[in-house]
Amino acid sequence: MGAEPSYGPDFGLLQKQDPEIAQILIDELDRVRSGIQLIASENFTSPAVLAALGSTLTNKYAEGYPGRRYYGGCEVVDRAERLAVDRAKRLFRAEHANVQPHSGASANLAAYAALLQPGDTMLAMALPHGGHLTHGSKVNFSGRWFDVVSYGVRRDTELIDYDEVRDLALRHQPKLIVCGATAYPRLIDFTAFRGIADEVGAWLLADVAHPIGLMAGGAIPSAVPYADVVTMTTHKALRGPRGGAILCTEELAKKIDRAVFPFIQGGPLMHVVAAKAVAFGEAMRPEFADYARRVIVNARALTDALAVDGMRAVSGGTDTHLSLIDLSALGVSGAEAERRCAAAGITLNRNVIPYDAEPATITSGIRVGTSCVTTQGMGPQELEEVGTLVSRVVRDPACAQEVRERVSALLAIHQPYLSEY
Ligand code: DSN
């Protein structure tokens, strides 16, 4: 692998023509190389994915679908989209794939557009309990346009309350049930959701934007056999370009395709579609299955190390790439912990925990994930140390410099875009 993949072959030209932007590219690569990235929704794409993203495919208008475009000259980009669709179908054993959504939010918007009319009732996980903005938050289109009923986690176990989900479904008869979350560290019981959806005659949508990479690698059970529609992002644990995709049954294929284009989107981003094909191809390799397994092993090592120092894992642990950590016992807010870690070169995000008394800007918790550090080649031993470093600097901000030195030592061995993929 080259040492400076994000610069591309014409980086010299960019430096000459637009030194300000060139410097930003350099600074961002330096930033991730000089700190530990624990944001659970981020990852480092391969240089091959970056190469596809930085290609001339960005120039092509291709509204429509392969073989059915509204522009001429699409015969080459058609091949990229066909490959992306075929690989997604094979990788996830899905009947149909649409690889055009620009993001996870767009994928959800398209899925709702395919299955619902404005004013219809949907049942989804509450944002403060780990759901997503597009699962019915009042500040989002989903909460504005649909009649949203929310379920959450139990106060005692901090696990999804499947009895509550069923009761709410029976009472409100939603047309759509959404499962999936952004800050839920445990496996979701798709069989239970399927059963509830069948009982009330609802569609089941699994928004697995976060764990789809772990499903691709076979490290956790897939949602595909259970859900009518699966929405995802391609840039989290899956390690592809920033974007979204939708998998669905053959029965819903036409509805989903029409909802993506022409209903919510115009021209697809063909360079991103090509990069998605690259990422799906990479995820089919045995090394990716090993990667997905190691992400979870690392998340457990990190979670256990944090717990030793009183940083309690919500629900008691993790089955995935992320943990939600309750800082209440330390008397430090999530926002303050985020700042203290940043001062020591550790990037993570504050996050509300279930039943949090603090608002989303402050929070009582943080969220950590291991997709990035695993891509960098770190293992459980390193993650144990990372846990200790997080806990030291959160408890005592005066340790920031000392912690930063240990962070640098770890990064000297495990730098992004220098280790092998
Ligand atoms: N922003 C993403 C996350 O961090 O989980 C969800 O869209």
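Numbers at a glance
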| quantity | calculated |
| --- | --- |
| Stretch gain in nm, segment A409-I21, where the contour uses 0.36 nm per residue and the Cα spacing is subtracted | 136.7 nm |
| Amide hydrogen neighbours beyond the local backbone of D207, cut-off 5 Å, H modeled | C179, G180, T231 |
| Added length on full extension, which subtracts the Cα-Cα distance from 0.36 nm per residue, E95 to A342 | 84.6 nm |
| I36 long-range amide H proximity, modeled H, under 5 Å | I346, T347 |
| Spacing of the two label points (7 Å from each Cα toward its C-beta) at R68 and H102, in nm | 2.3 |
| Cα-based Lys pair tally, the chain, threshold under 28 Å, eight or more apart or on separate chains | 21 |
| Stokes-Einstein D for the range 100-196, Kirkwood Rh over Cα pairs, 37 °C, 0.692 mPa s (µm²/s) | 242 |
| Calculated from backbone phi, Karplus (6.51, -1.76, 1.60) coupling profile of the range 333-350 in Hz, x at Gly/Pro | 6, x, 5, 5, 4, 4, 5, 5, 5, 4, 5, 9, x, 10, 9, 8, 10, 5 |
| Rounded Å value of the spacing that divides the Cα centres of the range 176-199 and the range 353-421 | 30 |
| The chain: relative contact order in percent, alpha carbon pairs under 8 Å with at least 6 residues between | 22 |
| HN-Hα J in Hz across the range 102-115 - Karplus 6.51, -1.76, 1.60, θ = phi - 60°, x for Gly and Pro | 6, 7, x, 5, 5, 4, 5, 4, 5, 4, 5, 4, 6, 10 |
| DSSP bridge orientation in the chain - percent antiparallel, rounded to nearest 5 | 55 |
| Cβ-Cβ FRET estimate between Y162 and V297, R0 fixed at 25 Å, reported to 0.05 | 0.35 |
| Neighbour-count ranking [beta-carbon atoms within 10 angstrom, fewest first] of D167, D309 | D167, D309 |
| Globularity ratio of the chain, using Cα Rg and 2.2 N^0.38 Å | 0.98 |
| Efficiency of FRET between Y61 and V139 - r from beta-carbon atoms, R0 30 angstrom, step 0.05 | 0.35 |
| Rounded FRET efficiency, nearest 0.05, which uses the C-beta distance separating E75 from R155 and R0 of 51 Å | 0.30 |
| 5 angstrom amide H check on G136, placed H, neighbours 5+ away | S142, G143 |
| Sorted largest first, extent of the range 6-141 alpha carbons per principal axis (Å) | 54, 43, 28 |
| Residue among Q117, L14, Y61 farthest towards the positive dipole end of the range 1-141, charges placed on Cβ | Q117 |
| Paramagnetic reach from K254 (point 7 Å along Cα→Cβ, amide N under 19 Å) across the range 75-98 | 95-98 |
| Calculated from backbone phi, Karplus (6.51, -1.76, 1.60) coupling profile of the range 28-43 in Hz, x at Gly/Pro | 5, 5, 4, 4, 6, 7, 10, x, 9, 9, 10, 5, 5, 9, 10, 7 |
| Estimated [θ] at 222 nm from DSSP helical runs (n ≥ 4, -39500 (n - 2.57)) normalised by residues in the chain, nearest 500 | -13000 deg cm²/dmol |
| Stretchable slack from L13 to E402, in nm (0.36 nm times residue separation minus alpha-carbon distance) | 136.1 nm |
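Where a number appears in this text, it was derived from the coordinates with a stated rule and is not lab data. Worth saying up front: this structure is predicted, and the values here are computed from it rather than measured. Don't worry about glycine lacking a Cβ; one is built from the backbone with ideal geometry, like all the others, and counts go over all protein chains shown.
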